[in-house]
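One structure below.
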Amino acid sequence: MRATLPPGPRTPTLVQTIGWWSRPTAYVERLRDRYGKRFTMRLLGQPPFVVLSDPADLREVFTAPPEVLHPGEGARLLEPIVGAHSVILLDEGPHLEQRRLMLPAFHGERMQRLTGLMAELTERELDAWPVGQPVQLHGRLQALTLEIILRAVFGLDEGARLDRLRDRLTAILSFGESPVSLLPQAQRLLSGRGRFGRFERDRAAVDRELYALMDERRRDPGDRDDVLAMLLAATREDGSPMRDEEIRDELLTALVAGHETTASSLAFAFEQLARAPHVQERLAADEDGRYLEATIDEVLRLRPVLPNAEPRLVKEDVTIGGHTYPAGTILILAAALVHTDPDIYPAPHAFRPERFLDAKPGTYTWIPFGGGRRRCLGASFALLEMRLVLAAAAERFTVHAVGPPERTRRRMITITPGDGARVRLARRERAATTSADVEAALVTP
């Protein structure tokens with residue numbers, strides 16, 4: 001197999017794993033510069049990874065038959081957190097069925113009904129942001145996106161259960177900060193011990209709370225717009241409902257896929273805005289939402305928090321871009337490399353929202369949410385959150401840098417600002433926006 005794969009670094013697997021983990025963006029960019037848009041990496045405990053960043057290759061991968069490439073099997077390292085029934089981990093027929101059940105809950109129109117709740121939670125969070133002193137926004141944005149998911153997705157009302165789940169889920173998410181958490185061998189060997197043992201106890205406590213919540217909601221469903229309500233009402237083609245275990249796994253999937261990713265995207269947005277006063281002024285004066293959309297597109301291009309679209313495990317020998325990959329290989333679609341390719345984006349490391357004002361992002365050249373039949377179900381949810389937070393913040397604050405540009409660091413499968421998006425906020429001299437104003441501004445252009 002080794003002889004058939006594209007060239008790549010010959011350094012020990014431990015060295016490659018450390019580079020991939022500790023410098024997730026710079027390391028792969030260096031490999032691209034040396035080996036081109038197609039190269040092979042070897043990481044501890046993993047099959048060979050072939051990293052692809054040519055849009056033509058991406059198109060072939062996104063449109064390949066589902067039985068040939070398995071993204072679900074390629075993402076098995078997430079199973080301890082999201083569960084075996086997660087739509088992320090399923091392939092072929094089971095994936096399509098689960099996706100069909102979930103799609104109505106994440107439809108754009110359904111998401112718009114949650115705007116009022118999101119706006120209220122955003123207003124509350126922004127009210128607490130300090131001005132005139134350095135502040136790390138990443139942690140505050142994590143708290144906000146977690147609260148939005150607990151309220152809008154899990155359907156939790158304020159009270160003791162919300163507090164308990166917030167604490168337990170925060171602990172579960174912090175588990176992914178260690179590279180050991182992503183190694184299947186370590187997960188098996190250390191099960192029940194130390195940090196793994198605490199994680200397993202937290203996960204069991206979350207399960208108890210969620211199953212009790214489902215029982216209560218079935219007895220008294222009420223009139224609710226949250227995602228849990230939609231999943232409880234979903235039925236298969238034969239009329240059967242989703243099982244509790246499936247709903248639990250999809251709720252945790254929404255948490256993992258939508259909490260850290262959106263918080264980090266917003267943190268990167270503020271970190272970039274702090275160095276672009278002209279962008280801030282255009283955002284504050286934006287009346288039709290076009291510049292806000294272009295700014296979000298540019299943030300997600302320049303800092304895709306999921307630097308690799310769902311890894312695909314090759315199940316049958318497959319030819320992509322004229323190169324044949326044997327079964328057992330994992331194909332990585334490198335969003336971070338596509339988005340900084342100078343052949344696609346002039347001055348690729350410059351923050352220029354204007355590049356998207358008159359040109360929509362390309363299907364195979366802008367992939368922060370993946371693509372094809374595996375495109376992220378929660379994309380509309382994440383984009384709505386970003387519109388809401390950035391529009392409200394632009395009305396309230398100007399953002400100023402307090403240090404050099406931040407390096408990226410890895411947190412589980414995502415990348416985040418290395419210094420937590422450390423900025424200084426100043427109050428903008430205008431009336432603060434109201435929730436009603438924010439909601440009116442969030443209509444997608």
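The values are calculated or read from the model by the stated rules, or taken from the named source; none is laboratory data. This is a predicted model, so every value here is computed, not measured. Cβ sites come from the backbone with ideal geometry, for glycine too, and all protein chains shown count toward neighbours.
Contact map, the range 201-225: residues that are under 16 Å from Thr253 (Cα atoms) paired with residues that are of a type in the set (Asp, Glu) and not in a loop (DSSP other than H, G, I, E, B), Cβ distance under 8 Å, separation 6+ or inter-chain. Pairs shown: Tyr211/Asp244. Among residues of the range 289-304 that are more than 16 Å from Cys376 (Cβ to Cβ) and among the small types (Gly, Ala, Ser), those with a beta-carbon under 6 Å from a residue that is surrounded by 21 or more Cβ atoms within 10 Å (Cβ to Cβ) and modelled with pLDDT of 95 or more at least six positions away or on a different chain give the pairs Ala294/Pro353. Note on the range 319-338: among residues that are within 20 Å of the chain's Cα centre (by Cα) and either among the β-branched types (Val, Ile, Thr) or part of a loop (DSSP other than H, G, I, E, B) (or both), the one that is modelled with the highest pLDDT is Val338.
Reported count of residues in the range 5-24, each being under 22 Å from the mean Cα position of the chain (by Cα), over 14 Å from Asn308 (Cβ atoms) and in contact (Cβ under 8 Å) with a residue 12 or more places away in the chain, is 3.
Residues considered: Ala421, Ala394, Ala382. Of these, the only one that is crowded, with 20+ Cβ neighbours inside 10 Å, in contact (Cβ under 8 Å) with a residue 60 or more places away in the chain, in contact with a helix residue (DSSP H, G or I) (Cβ under 9 Å, 6 or more places away or on another chain) and on the phi > 0 side of the Ramachandran plot is Ala421.
Being crowded, with 17+ Cβ neighbours inside 10 Å, within 23 Å of Arg140 (Cα to Cα), out of contact with any strand residue (DSSP E or B) (no Cβ under 8 Å at 6 or more places or on another chain) and not hydroxyl-bearing (Ser, Thr, Tyr) holds for only one residue in Ala128, Ala119, Ala105, and it is Ala119. Here Glu316, Glu354, Glu310 are screened, and the one residue that is out of contact with any His (no Cβ under 7 Å at 6 or more places or on another chain), touching a residue at least 40 places away in the same chain (Cβ under 8 Å), over 23 Å from Ala392 (Cβ atoms) and surrounded by fewer than 20 Cβ atoms within 10 Å (Cβ to Cβ) is Glu316. Taking the range 230-259 as the region of interest, how many residues are surrounded by fewer than 16 Cβ atoms within 10 Å (Cβ to Cβ) and touching a Lys or Arg at 6+ places or on another chain (Cβ under 9 Å)? The qualifying residues number 2. Looking only at the range 383-411, residues that are in contact with a Phe, Trp or Tyr (Cβ under 8 Å, 6 or more places away or on another chain) and over 17 Å from Val131 (Cα atoms) come to 1 in all.
Could you please let me know if Arg218 is modelled with pLDDT of 90 or more, touching a Phe, Trp or Tyr at 6+ places or on another chain (Cβ under 8 Å) and assigned to a helix (DSSP H, G or I)? Walk me through how you get there before you give the answer.
Details: modelled with pLDDT of 90 or more: yes; touching a Phe, Trp or Tyr at 6+ places or on another chain (Cβ under 8 Å): no; assigned to a helix (DSSP H, G or I): yes.
No.
Quick check on Leu390: is it within 20 Å of the chain's Cα centre (by Cα), closer than 23 Å to His107 by Cβ and modelled with pLDDT under 95? In short, no. Going by what's in this entry, would Thr414 be described as among the β-branched types (Val, Ile, Thr) and either modelled with pLDDT under 95 or surrounded by 22 or more Cβ atoms within 10 Å (Cβ to Cβ) (or both)? Yes: the conditions hold for Thr414. Out of Glu97, Glu123, Glu109, which single residue is without any contact (Cβ under 8 Å) to a residue 24 or more places away in the chain, among the acidic types (Asp, Glu) and out of contact with any Asp or Glu (no Cβ under 7 Å at 6 or more places or on another chain)? Selected residue: Glu109, the only one of Glu97, Glu123, Glu109 that is without any contact (Cβ under 8 Å) to a residue 24 or more places away in the chain, among the acidic types (Asp, Glu) and out of contact with any Asp or Glu (no Cβ under 7 Å at 6 or more places or on another chain).
The set of residues in the range 69-88 being surrounded by 17 or more Cβ atoms within 10 Å (Cβ to Cβ), in contact with an Asp or Glu (Cβ under 9 Å, 6 or more places away or on another chain) and over 30 Å from Arg30 (Cα atoms) consists of Pro80, Val82, Gly83, His85, Ser86, Val87. For the range 299-343, enumerate the residues that are closer than 30 Å to Gln142 by Cα and of a type in the set (Val, Ile, Thr). Those that are closer than 30 Å to Gln142 by Cα and of a type in the set (Val, Ile, Thr): Val299, Val305, Ile332, Val338, Thr340.
Looking across the range 298-316, the residues that are in a helix (DSSP H, G or I) and more than 14 Å from the chain's Cα centre (by Cα) come down to Glu298, Leu302.
Can we say Tyr27 is among the hydroxyl-bearing types (Ser, Thr, Tyr), without any contact (Cβ under 8 Å) to a residue 24 or more places away in the chain and surrounded by fewer than 18 Cβ atoms within 10 Å (Cβ to Cβ)?
Details: among the hydroxyl-bearing types (Ser, Thr, Tyr): yes; without any contact (Cβ under 8 Å) to a residue 24 or more places away in the chain: yes; surrounded by fewer than 18 Cβ atoms within 10 Å (Cβ to Cβ): yes.
For Tyr27, the condition - among the hydroxyl-bearing types (Ser, Thr, Tyr), without any contact (Cβ under 8 Å) to a residue 24 or more places away in the chain and surrounded by fewer than 18 Cβ atoms within 10 Å (Cβ to Cβ) - is met.
Where helices (runs of 4 or more DSSP H) sit wholly within the range 1-105, those with at least 2 residues that are at pLDDT below 90 and not basic (Lys, Arg) occupy 13-22, 71-74, 79-82, 92-102. Quick check: anything in the range 260-276 surrounded by fewer than 20 Cβ atoms within 10 Å (Cβ to Cβ), free of Cβ contacts under 8 Å to residues at least 40 places away in the same chain, over 28 Å from Ser174 (Cα atoms) and out of contact with any helix residue (DSSP H, G or I) (no Cβ under 9 Å at 6 or more places or on another chain)? For the range 260-276, residues surrounded by fewer than 20 Cβ atoms within 10 Å (Cβ to Cβ), free of Cβ contacts under 8 Å to residues at least 40 places away in the same chain, over 28 Å from Ser174 (Cα atoms) and out of contact with any helix residue (DSSP H, G or I) (no Cβ under 9 Å at 6 or more places or on another chain): absent. Apart from one condition, Leu232 fits all of (1) closer than 23 Å to Cys376 by Cα; (2) in contact (Cβ under 8 Å) with a residue 40 or more places away in the chain; (3) not aromatic (Phe, Trp, Tyr); the exception is (2).
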